Amino acid sequence: MTARALPFPASGNLGDLIRPDAPRESVAVIDVSASGRRWSCAKLDAAAEGFAASLVRAPLATDARVAILAENCAEYLIAYMGTMRAGCVSVPVNQRLPPDTVRYILADCAAQLCIVDAACEALIPPALPRIMLRSPGAEVLDAPGAAAMPIKRRPPPQTGEILYTSGSTGRPKGVVLSHAGQLWALSVHLAATPMAGERSLIVAPLYHMNALFNVSVCLLNGIEVVLMPRFDAAAYLKAVARHRCTLLSGIPTMFALMARQRELLTRLDLSSVKAVTIGSAPLTEALVARVQEMFPQAAISNGYGTTEAGPSIFEDHPQGLPRPLLSLGYPLPDVEVRLAGGTGDAGVLQVRSPAMFTEYLNLPGVTGAKLHDGWYDTGDVMRRDRSGFYYFTGRADDMFVCGGENVYPGEIEKMLERHPAVLQAAVVAVPDEIKGEIPIAFVVLKERGVSPEELKRFALASGPAYSHPRAFVVVDELPVATTHKLDKRPLQAQALAAAKALKR
């Protein structure tokens, strides 16, 4: 496999995300957390260069790990780019994790410096050197004279960044990513000329691949970034209307919460939105319909990617065939995919691509279990249709056996969300003496008055009898993790109680 050549950055450094042919005074970032402060391409580029210079003069050695622990803001991006320009490794950290987990990550990556905001400072060890965002002494992250302080660039190390997985099944794992691999992934989305007039709203946290990659794509393409510190459905919709955003991206939970803002939606002009990409979790036809209703002028697509194998895996069909509504797309030319452990057209997706991660930091056994001869086992169960389009079925580790049949919660959730009264659904498996395990469904309703009996009849009529939920629990909202993804762990106790009430 050969990576596509990027016309820039010629440095081969992932920190060089401001393209040289973008007008220098054009807007790069609108920082909502700073009352809408605007950063031009020139100012953002100079600030990143100035921060890099401060790290070189510090001095921090090549390959030193620099952690970033803060909410989304322009200074976060400056630190992210500047760290890598200095030849150091950027380590964005989820500041919403428990304090002991944050300290575990800082120790695991051997962080030598932490860029931190005031709200997160208490999370880091007292002895760890730090630079505080938006405080006296932090001018290094906002250096208007940085262009006059050139530094002699050090060749970047192989590793550009380390992103930690969410840790839903144990300690977070550090995914080691190279400059070359991530620049290849960006090359897939590179426009020939700056995309003037486009504006993208980014609210997903910058410690997550989804947000980091989307911001990087925008900066490399000259797309203005409207950066929000955190997600709130009403604030998000108002920002779309206020800034006339054209490009949106997010996960299903975010858009489901927006759809509940019915009164607000009637008052806002959202006609500027041209494209909506939804990814990082299963997508349903019902949600697509609701998103289309909110953004009637937008083309909606289903995205898929992984931190380990790259956010660029699928694209449009090479023969121009229209992409089916829920399809993830067709594999990119330089990405190899195969389906393992099932039939020829169904199984667990394995990927080999130029964007492949190097290793899980300090975990050789886990790396060996997931990465074989360059092939990464995603753990995601997929199916492939006759035209070569791929579809997400569920997580292999979410699958359970009910009465001898394999059941995927994601498939049940998609089916339930086709019911006109169901806004969201989550399915949890619990032990059962007769069936082994049975599904329990949690539903958020668009309208009250729908009985569990009606939902059960719908499930029996719409899917295999063995997979129908044995109980339905109506909730006001579903729990979400710090990445805004659905978090089923808090539902487990309620699911057990609902199963017990069945007196099976």
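The values are calculated or read from the model by the stated rules, or taken from the named source; none is laboratory data. Bear in mind that the values here come from a model prediction, so they are computed numbers and not experimental data. Neighbour counts are summed over all protein chains in view; Cβ atoms, including those assigned to glycine, are modelled from backbone coordinates with ideal geometry.
Quick notes on this structure:
- Each residue in the range 154-169 was checked for being surrounded by 16 or more Cβ atoms within 10 Å (Cβ to Cβ) and modelled with pLDDT under 90, and 5 pass.
- Picking from residues in the range 314-343 that are at positive phi and over 21 Å from the mean Cα position of the chain (by Cα), the one that is surrounded by the most Cβ atoms within 10 Å (Cβ to Cβ) is Gly341.
- Filtering Ala70, Ala48, Ala52 for residues that are under 19 Å from Leu133 (Cα atoms) and under 20 Å from the mean Cα position of the chain (by Cα) leaves a single hit, Ala70.
- Taking first residues from the range 319-331 that are closer than 16 Å to Glu285 by Cβ and partners that are buried (at least 17 other Cβ atoms within 10 Å of the Cβ) and of a type in the set (Ser, Thr, Tyr), the Cβ contacts under 7 Å between residues at least 6 apart in sequence or on separate chains come to Leu326/Tyr391; Ser327/Tyr390; Ser327/Tyr391; Leu328/Tyr304; Leu328/Tyr390; Leu328/Tyr391.
- Scanning the range 437-447 for residues that are within 27 Å of the chain's Cα centre (by Cα) and at pLDDT below 90 turns up just one, Lys446.
- Those strands (runs of 3 or more DSSP E) lying entirely in the range 2-72 with at least 1 residues closer than 20 Å to Gly87 by Cα and at pLDDT 95 or above: 65-69
- Among (1) surrounded by fewer than 22 Cβ atoms within 10 Å (Cβ to Cβ); (2) in contact with a helix residue (DSSP H, G or I) (Cβ under 9 Å, 6 or more places away or on another chain); (3) part of a loop (DSSP other than H, G, I, E, B) - the single one Ala239 does not satisfy: (3)
- When the test is whether a residue is in contact with a helix residue (DSSP H, G or I) (Cβ under 9 Å, 6 or more places away or on another chain) and not in a helix (DSSP H, G or I), Thr193 does not pass it.
- For the range 276-313, filtering for residues that are assigned by TED's automatic domain parsing to the domain that holds Val215, under 17 Å from the mean Cα position of the chain (by Cα) and more than 17 Å from Phe392 (Cα to Cα) leaves 1.
- Filtered residues of the range 258-289 (kept if assigned to a helix (DSSP H, G or I) and touching a residue at least 40 places away in the same chain (Cβ under 8 Å)): Ala259, Glu285, Ala286, Leu287
- Residue match in the range 365-381 (condition: surrounded by 15 or more Cβ atoms within 10 Å (Cβ to Cβ) and assigned to a helix (DSSP H, G or I)): yes
- Against the conditions (1) among the hydrophobic types (A, V, I, L, M, F, W, C); (2) at pLDDT below 90; (3) under 30 Å from Thr165 (Cα atoms), Ile434 satisfies every one except (3).
- Summed over the range 73-100, the residues that are surrounded by 23 or more Cβ atoms within 10 Å (Cβ to Cβ), part of a helix (DSSP H, G or I) and not basic (Lys, Arg) give a count of 11.
- Residue in the range 196-203 that is outside any loop (DSSP other than H, G, I, E, B) and either within 25 Å of Met382 (Cα to Cα) or charged (D, E, K, R) (or both) present: yes
- Exclusive hit being under 30 Å from Val335 (Cβ atoms), surrounded by 21 or more Cβ atoms within 10 Å (Cβ to Cβ) and in contact with a strand residue (DSSP E or B) (Cβ under 6 Å, 6 or more places away or on another chain), set Pro409, Pro439: Pro409
- Any hit, the range 390-405, residues being of a type outside the set (Gly, Ala, Ser) and at pLDDT 95 or above: yes
- Some residue of the range 299-313 being part of a loop (DSSP other than H, G, I, E, B) and aromatic (Phe, Trp, Tyr): yes
- Residue under evaluation Ser387, criteria (1) out of contact with any Leu (no Cβ under 7 Å at 6 or more places or on another chain); (2) surrounded by fewer than 18 Cβ atoms within 10 Å (Cβ to Cβ); (3) closer than 30 Å to Met356 by Cα, criterion not met: (1)
- Residue that is farthest from the chain's Cα centre (by Cα) [pool: residues in the range 92-116 that are farther than 21 Å from Leu60 by Cα and touching a residue at least 40 places away in the same chain (Cβ under 8 Å)]: Tyr104
- Tyr360 vs. criteria under 30 Å from Leu183 (Cβ atoms), of a type in the set (Phe, Trp, Tyr) and modelled with pLDDT of 95 or more: yes
- A residue that is at pLDDT below 90, assigned to a loop (DSSP other than H, G, I, E, B), in contact with a Ser or Thr (Cβ under 6 Å, 6 or more places away or on another chain) and not hydroxyl-bearing (Ser, Thr, Tyr) cannot be found anywhere in the range 127-144.
- The set of residues from the range 339-348 being at pLDDT below 95 and either in a strand (DSSP E or B) or out of contact with any Lys or Arg (no Cβ under 6 Å at 6 or more places or on another chain) (or both) comprises Ala340, Gly341, Gly342, Thr343, Gly344, Ala346, Gly347, Val348.
- Meets criteria (within 18 Å of Thr277 (Cα to Cα), surrounded by fewer than 23 Cβ atoms within 10 Å (Cβ to Cβ) and out of contact with any Ser or Thr (no Cβ under 7 Å at 6 or more places or on another chain)) for Ala191: yes
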